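See below for the structure under consideration.
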Amino acid sequence: AQSVTQLDSQVPVFEEAPVELRCNYSSSVSVYLFWYVQYPNQGLQLLLKYLSGSTLVESINGFEAEFNKSQTSFHLRKPSVHISDTAEYFCAVTGLTGGGNKLTFGTGTQLKVEL
Amino acid sequence: EAQVTQNPRYLITVTGKKLTVTCSQNMNHEYMSWYRQDPGLGLRQIYYSMNVEVTDKGDVPEGYKVSRKEKRNFPLILESPSPNQTSLYFCASSLSRGHQETQYFGPGTRLLVL
């Protein structure tokens, strides 16, 4: 079984400031790691994912996340946030076991960007 | 446009009155699933389907039913809704059951059971 911990339920930050959203996971099997973003009144959409290879993965809108196996972490960062980044961010994993493509989600981090 | 659609988007009902939430995808995806989102709990999987006529329980299946008679549709059925099923529901689909696949989510259905 897998579990995901997002310790910060809310992160307020000023526009153009850097931000880090923390994600830690536990699993007895290998995992793939994902960050999904949920804008107000919308469904979730993929932001980025780590499958293998380089431990640093990037999204098209400036976010990046680094897979750290020893610390079982997959923190999300952005060097300079914009007001449009205000959303809820979910870290998720899929464990490489049977049962299909089930995502195990963290409880989410609400990022609020202020002017 | 490639998308997952859900209907209705908002629903208020009373305890015990059967309801169905529809989900449809136009991407020819094999894998579909239902999640519920509750404050402080994130999203939890209710049921999933690997293909037509193949469904299985997720983490929180009690009180729900599903069917997969066609590849594009995956309705969620609440035979006798109860107040603890008040939640935000999301349907999702992916190309295959592969763990690396990106899942595409519908816009959500907000359900209130009185």
For chain B, built as a Gaussian network whose Cα springs stay under 10 Å, the top-fluctuating residue of B:LYS17, B:LYS71, B:LYS57: B:LYS17
- request: Place a +1 charge on the Cβ of each Lys and Arg in chain B and a -1 charge on the Cβ of each Asp and Glu, then give the dipole magnitude about the Cα centre in debye, rounded to the nearest 20.
  value: 280
- request: Mind checking A:104-112 for the average number of partner chain beta-carbons within 10 Å of each residue's beta-carbon?
  value: 3
- line: Within 10 Å of the Cβ of an average residue in B:35-48, the count of other chain Cβ atoms is 4
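For Cα pairs less than 8 Å apart in space and 6+ apart in sequence, what is the mean separation divided by the residue count of the range A:50-115, i.e. the relative contact order in percent?
24
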task: Filter the cross-link list A:LYS102/B:LYS17; A:LYS49/A:LYS78; A:LYS102/B:LYS18; B:LYS17/B:LYS69 down to pairs whose alpha-carbon distance in this structure exceeds 20 Å.
output: A:LYS102/B:LYS17; A:LYS102/B:LYS18; B:LYS17/B:LYS69
- prompt: Charges only on Cβ, +1 for Lys and Arg, -1 for Asp and Glu: so what's the dipole of the protein assembly as shown about the Cα centre, in debye to the nearest 20?
  reply: 780
- prompt: Excluding A:LEU46 itself, what net charge comes from residues whose Cβ is under 15 Å from its Cβ, given Lys and Arg +1 and Asp and Glu -1?
  reply: -3
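Going by how many other beta carbons lie within 10 Å of each one, how would you line up B:TYR47, A:TYR50, A:TYR39, fewest first?
A:TYR39, A:TYR50, B:TYR47
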- line: Relative contact order as a percentage, chain B, C-alpha pairs under 8 Å and 6+ apart, gives 36
field: Relative contact order of chain A, pairs being alpha-carbon contacts under 8 Å that are 6 or more residues apart, as %
entry: 38
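First select every other residue whose beta carbon is under 12 angstrom from the beta carbon of B:ASN84; then total the charges, Lys and Arg +1, Asp and Glu -1. The partial results should precede the final answer.
Details: positive: B:ARG36; negative: B:ASP38, B:GLU62.
Summing Lys/Arg as +1 and Asp/Glu as -1 gives -1.
Could you tell me the convex hull volume per residue, in Å³, taken over the Cα atoms of chain B?
Roughly 95 Å³ of hull volume per residue.
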field: Listed residue (A:LEU103, A:VAL13, A:LEU76) projecting farthest to the positive dipole end of chain A, Cβ model
entry: A:LEU103
message: Charges at C-beta only: +1 for Lys and Arg, -1 for Asp and Glu. How large is the resulting dipole of chain A about its Cα centre, in Debye rounded to 20?
response: 460
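Only the coordinates and a few stated rules stand behind these numbers; no lab work does. These numbers come from a predicted model, not from an experiment. Every residue, glycine among them, receives a Cβ derived from its backbone with ideal geometry; neighbour counts consider all protein chains shown.
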